[in-house]
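Here the structure is laid out as structure tokens; the discussion comes afterwards.
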Amino acid sequence: MEDPRERLVPSVSNQELERRWKLAREMMADRKIDFLVMRQDEEFFGGYVRWFSAIAPRHSYPFTVIFPIDDEMTTISSAPPGQGRPPEWASTGIKERLGAPYYPSFHYTNTLDAELAVRVLGEKKNARIGFVGMSSIHVPFYEYLIKHLPGATFVDVTDAIDHMKAIKSPEEIEFIKKTAALQDQALQYVKERIKPGMRDLDIHAEADYISTKLGSTRLQVLISSYHPGDKPMGFMGRHYMNRTIREGDLITVLLEGNGPGGYYTEIARVISLGEPKEEVKEAFAIAVEAQKLTLSMLKPGANPKEIWDTNNAFLQKHGSEPEGRLYAHGEGYELVERPAIRYDETMEIKAHMNIAVHPVFKNSRVWTTLCDNYLITEDGAGPCLHKTPKEIIVI
């Protein structure tokens, strides 16, 4: 008889999950917290529920994890009553799998999952409950818990969990390296297929196909394509990918996706259909130098704001507009994870973080970037995890 566990994609070991639970429970004991509650609905930003349960939320279907200090977890998912996910054969450390037929588009089902959560949390009177990932907990769910657990105390412990999951274990690091290798292979496949007459969306389709074949379960492909002399475009999402590529174009392809175990890395390279102009080469060289400058500062104890300020000063000195959003950040179970290299991040750089670095050179004539991942060691940024050369790919 077939073992249903053969259906599972690669995931972390039970020992790795137990390591995380131990860290979380030590924090809970210190803060006298009885339960942690997290609710997420998308794999790109579903790292909290996956860090605890090894299960990824998908396609905007909200998935809740209730993690008690002294028992196994409860999960709540959109499913017929009594048939919540994950299935028992795919569960580790999960005591109950509750289900209810709720959907974000059916407003009258807005509290069905909250009702189940109250049933679980109400088993302990006057419980102290820690929310994890408040930005992912929607208003009806939150309000229902507050109203129907009047004796409970609610606190936000997101920051404490962020610090735990930002530091990668040796097992996690091995998965991260495999994702980077997958992306090198996927980018090689994509560049071999780019030619004039394709649309941006055709590049997207090729990248999605090969990345899925190689083991990615969630991928975002961003493309910047423009013709020298036209107004340069930054990365454009799927809604804007109907442009037809022509000879002489500059195309930057960014593959932001996960790989084995669900861990994210990202790679970007510039592809030129024909020999690029000298101005483009110079701009790309400045982006490479900006990346090197950031890497020189990514050491344990470093302050993200100082790195941010240094990068912007460097870009402006060399004729580029400054960065205004984000140009380097952590990655793990989430596409964008703390620490963020920007002006308002409070988390210092530490050893065993996985950091993506993607500085952008931009002015009225040129837009260019590159992106790679690095593991932080006790001495600073380690070797680049991606092996694709840091150069403009000429076709």
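Which of the residues spanning region 203-237 are buried (at least 21 other Cβ atoms within 10 Å of the Cβ), among the polar types (S, T, N, Q) and closer than 15 Å to ALA268 by Cβ?
SER211, SER224, SER225
Is it the case that region 261-277 has a residue that's in contact with a Pro (Cβ under 8 Å, 6 or more places away or on another chain), in a helix (DSSP H, G or I) and among the hydrophobic types (A, V, I, L, M, F, W, C)?
Within region 261-277, none of the residues are in contact with a Pro (Cβ under 8 Å, 6 or more places away or on another chain), in a helix (DSSP H, G or I) and among the hydrophobic types (A, V, I, L, M, F, W, C).
Looking at region 25-33, can you tell me whether even one residue there is touching a strand residue (DSSP E or B) at 6+ places or on another chain (Cβ under 6 Å), assigned to a loop (DSSP other than H, G, I, E, B) and surrounded by fewer than 22 Cβ atoms within 10 Å (Cβ to Cβ)?
yes
Of the residues that make up region 174-194, is at least one of a type in the set (Ser, Thr, Tyr), closer than 30 Å to VAL394 by Cα and touching a residue at least 12 places away in the same chain (Cβ under 8 Å)?
So far as region 174-194 goes, yes, one or more of its residues are of a type in the set (Ser, Thr, Tyr), closer than 30 Å to VAL394 by Cα and touching a residue at least 12 places away in the same chain (Cβ under 8 Å).
Contact list please: Cβ distance under 9 Å, first residue in region 284-296 and without any contact (Cβ under 8 Å) to a residue 40 or more places away in the chain and not assigned by TED's automatic domain parsing to the domain that holds TYR374, second residue surrounded by fewer than 17 Cβ atoms within 10 Å (Cβ to Cβ) and assigned to a helix (DSSP H, G or I), pairs at least six apart or on different chains.
Here the result reads none, with nothing in region 284-296 linked to a residue that is surrounded by fewer than 17 Cβ atoms within 10 Å (Cβ to Cβ) and assigned to a helix (DSSP H, G or I).
Of all residues being outside any loop (DSSP other than H, G, I, E, B) and of a type in the set (A, V, I, L, M, F, W, C) in region 238-251, which is surrounded by the fewest Cβ atoms within 10 Å (Cβ to Cβ)? Just the residue, please.
ILE251
Which condition breaks for THR212 when tested against (1) within 18 Å of PHE44 (Cβ to Cβ); (2) touching a Phe, Trp or Tyr at 6+ places or on another chain (Cβ under 9 Å); (3) not aromatic (Phe, Trp, Tyr)?
(2)
Go through region 152-181 residue by residue and tally those that are touching a Lys or Arg at 6+ places or on another chain (Cβ under 6 Å) and within 30 Å of THR109 (Cα to Cα).
Qualifying residue count for the region: 1.
Of all residues being under 23 Å from VAL280 (Cβ atoms) and among the aliphatic types (A, V, I, L, M) in region 199-233, which is farthest from the chain's Cα centre (by Cα)? Just the residue, please.
The selected residue is MET233.
Looking only at region 312-326, decide whether some residue is over 14 Å from the mean Cα position of the chain (by Cα) and under 25 Å from ASP184 (Cβ atoms).
Within region 312-326, not a single residue is over 14 Å from the mean Cα position of the chain (by Cα) and under 25 Å from ASP184 (Cβ atoms).
Which number in (1) within 21 Å of the chain's Cα centre (by Cα); (2) at pLDDT 95 or above marks the one condition that MET236 misses?
Condition not satisfied by MET236: (2).
Within region 44-62, is even one residue part of a loop (DSSP other than H, G, I, E, B) and among the hydroxyl-bearing types (Ser, Thr, Tyr)?
Looking for residues that are part of a loop (DSSP other than H, G, I, E, B) and among the hydroxyl-bearing types (Ser, Thr, Tyr), one finds at least one in region 44-62, hence yes.
To keep it simple, each residue is scored yes or no on (1) in the same structural domain as GLY261 (by TED's automatic domain parsing); (2) more than 21 Å from GLY262 (Cβ to Cβ); (3) in contact with a Pro (Cβ under 8 Å, 6 or more places away or on another chain).
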{"residue": "TYR48", "(1), (2), (3)": "no, no, no"}
{"residue": "PHE52", "(1), (2), (3)": "no, no, no"}
{"residue": "ALA56", "(1), (2), (3)": "no, no, no"}
{"residue": "HIS59", "(1), (2), (3)": "no, no, no"}
{"residue": "THR64", "(1), (2), (3)": "no, no, no"}
{"residue": "PRO87", "(1), (2), (3)": "no, no, yes"}
{"residue": "GLY93", "(1), (2), (3)": "no, no, no"}
{"residue": "THR111", "(1), (2), (3)": "no, yes, yes"}
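Please list, ordered by residue number, the helices (runs of 4 or more DSSP H) wholly in region 123-237 having 3 or more residues that are among the β-branched types (Val, Ile, Thr) and closer than 25 Å to ALA356 by Cα.
170-191, 200-214
Go through (1) surrounded by 14 or more Cβ atoms within 10 Å (Cβ to Cβ); (2) in a loop (DSSP other than H, G, I, E, B); (3) without any contact (Cβ under 8 Å) to a residue 24 or more places away in the chain for SER105 and report which single condition fails.
Here SER105 meets the rest and fails (1).
The rows are residues; the columns are (1) outside the structural domain of LYS213 (by TED's automatic domain parsing); (2) surrounded by 17 or more Cβ atoms within 10 Å (Cβ to Cβ); (3) modelled with pLDDT of 95 or more; (4) touching a helix residue (DSSP H, G or I) at 6+ places or on another chain (Cβ under 8 Å).
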residue: LEU121; (1), (2), (3), (4): yes, yes, yes, yes
residue: LEU145; (1), (2), (3), (4): yes, yes, yes, yes
residue: LEU149; (1), (2), (3), (4): yes, yes, yes, yes
residue: ALA160; (1), (2), (3), (4): yes, yes, yes, yes
residue: GLU174; (1), (2), (3), (4): no, no, yes, no
residue: LYS177; (1), (2), (3), (4): no, yes, yes, no
residue: ALA180; (1), (2), (3), (4): no, yes, yes, no
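The values are calculated or read from the model by the stated rules, or taken from the named source; none is laboratory data. A quick note: this is a predicted structure, and the numbers were derived from the prediction, not measured. When we count neighbours, we look across all protein chains shown, and the Cβ atoms used for this are built from the backbone with ideal geometry, even at glycine.
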